[in-house]
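Visitor: Before I ask anything, here is the structure I am working with.
A short reminder: the numbers here are calculations on the coordinates, not readings from a lab. These numbers come from a predicted model, not from an experiment. Note that we place each Cβ from the backbone using ideal geometry, even for glycine, and neighbour counts take in every protein chain shown.
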Ligand SMILES: [Zn+2]
C-alpha cells in the first residue's frame, strides 16, 4: 500500500506538455465604402443681384453645400451665459451645450470666458452677411467672399446646429479670427468640445475651399444614441464624408 501511494505521488513519467495555443487568426475587414448619393444637378443661382453662379457637380456653390433652414419657431434661446440674447439654436443641441458651458465654468483657465458670436442665421440674414461683405467697399468677387462666408441657402448656421464661439477676453484677438485658436477658450474648445457633441466644420487645411474657422462648431451629438443626434448627423453627412471635420465625432 505504501509502495502504491509512493508510486502515485511520484509518477514515473511527466504528463505531456499542453499543446501550444493556436495562433490568433486575423481577418482583415474592409469597411464598406461610404456612398454619398449625388445631389440633383441644380440650375445656376442668382446672388446679391450681381449675377448667376452655377453649382459644381458635387452640389456645392462656391465651396458650400446647400442646407435646409430650421424654422424660427423650432429654435430655442441659447443659455444666457453665452452673453448673446439673439442666439437661437436647435433644441436638440441644448442639453450638450449646457453641459459644455458648465464644464468650461469649472475650469479656471476659461471660467466665465465662453460666449457666442453667432448662432442660427436665417437665409435673409445670411444674404446680408454674404452680400454685405462684397458691397462694403472691398473688391472681393463671389469666390473670394465665399472663402470666408457661405452664400445664402448654403450656410451651416441656417440649420441651428452651429455656434460661432468667442471669448470675453481675447487679449486683442477679434471675433471670428484665426487667433481665436490660440486663446484659452479656443484651446479649451479644441480639447473638450467633442466630448459634448461638437465638431469643427472647417479645420485648418480643409480642402473645401473654406478658410480655417476655429470658432465655428457644429453639433452632431456625442453619440448616435443622443436624442436628436441622428438627424443632425444626416444634415452634415455629405459635408463630413467629403470634407471631414477635425476634431470629428466618430460616426
Ligand atoms: Zn460660423
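Visitor: Sum -39500 (n - 2.57) across every DSSP H segment of at least 4 residues in the chain, then divide by the residue count to get the 222 nm mean residue ellipticity, nearest 500.
Guide: Details: 7 runs with 62 residues, N = 251.
Mean residue ellipticity, 222 nm, calculated: -7000 deg cm²/dmol.
Visitor: What's the center-to-center distance, using Cα atoms, between region 223-239 and region 75-112 in Å?
Guide: If you average the Cα positions of each part, the centres end up 20 Å apart.
Visitor: Continuing with this model, one more query. Provide 62, 125 in ascending order of the number of other Cβ atoms located within 10 Å of each residue's Cβ, fewest first. List each step's numbers first, then the result.
Guide: Values: 62 24, 125 15.
Lowest to highest Cβ neighbour count: 125, 62.
Visitor: What per residue convex hull volume, in Å³, do the alpha-carbon atoms of region 15-113 yield? Write out the running numbers ahead of the final one.
Guide: On the way: hull volume 31.1 nm³, N = 99.
For region 15-113, the hull spanned by Cα atoms encloses 314 Å³ per residue.
Visitor: Determine how many Å³ per residue the convex hull of the Cα atoms of region 56-171 encloses.
Guide: Working: hull volume 14.7 nm³, N = 116.
In region 56-171, the Cα convex hull volume per residue is 127 Å³.
Visitor: Please determine, in degrees from 0 to 90 and to the nearest 10, the orientation of helix 94-105 with respect to the longest principal axis defined by the Cα atoms of the chain, where the helix direction is its Cα long axis.
Guide: Roughly 80 degrees, rounded to the nearest 10.
Visitor: Of 148, 19, 46, which is the most mobile in a GNM of the chain whose springs link Cα atoms less than 10 angstrom apart?
Guide: Among 148, 19, 46, the largest mean-square fluctuation in the Gaussian network model of the chain belongs to 19.
Visitor: I need the fraction of alpha carbon pairs in region 169-251 separated by more than 15 Å, rounded to a whole percent. Don't jump to the answer; show the numbers that get you there.
Guide: Details: 1911 of 3403 pairs.
Distances greater than 15 Å cover 56 percent of the Cα pairs.
Visitor: Sticking with this structure for a sec: Two decimals, Cα atoms only, Kirkwood Rh: what is Rg/Rh over region 112-251?
Guide: Numbers: Rg = 14.9 Å, Rh = 15.6 Å.
Here the Rg-to-Rh quotient is 0.96.
Visitor: Another question, then. Counting each pair of different Cα atoms once, what's the Kirkwood radius of the chain in Å, rounded to one decimal?
Guide: In the chain this quantity evaluates to 20.8 Å.
Visitor: Evaluate the distance, in nm, between pseudo-label points positioned 7 Å from the Cα of residue 94 and of residue 125 along their respective Cα→Cβ axes.
Guide: Calculated label separation equals 1.7 nm.
Visitor: Out of 158, 111, 38, any idea which swings most in a Gaussian network model of the chain, alpha carbons joined below 10 Å?
Guide: Of the options given, 38 has the highest mean-square fluctuation.
Visitor: Also, quick follow-up: Points 7 angstrom from Cα along the Cβ direction at residue 224 and residue 41: gap in nanometres?
Guide: According to this spin-label approximation, the distance is 3.5 nm.
Visitor: Along the Cα→Cβ direction, 7 angstrom out, place labels at residue 28 and residue 246. What is the inter-label distance in nm?
Guide: Between residue 28 and residue 246, the label points sit 2.5 nm apart.
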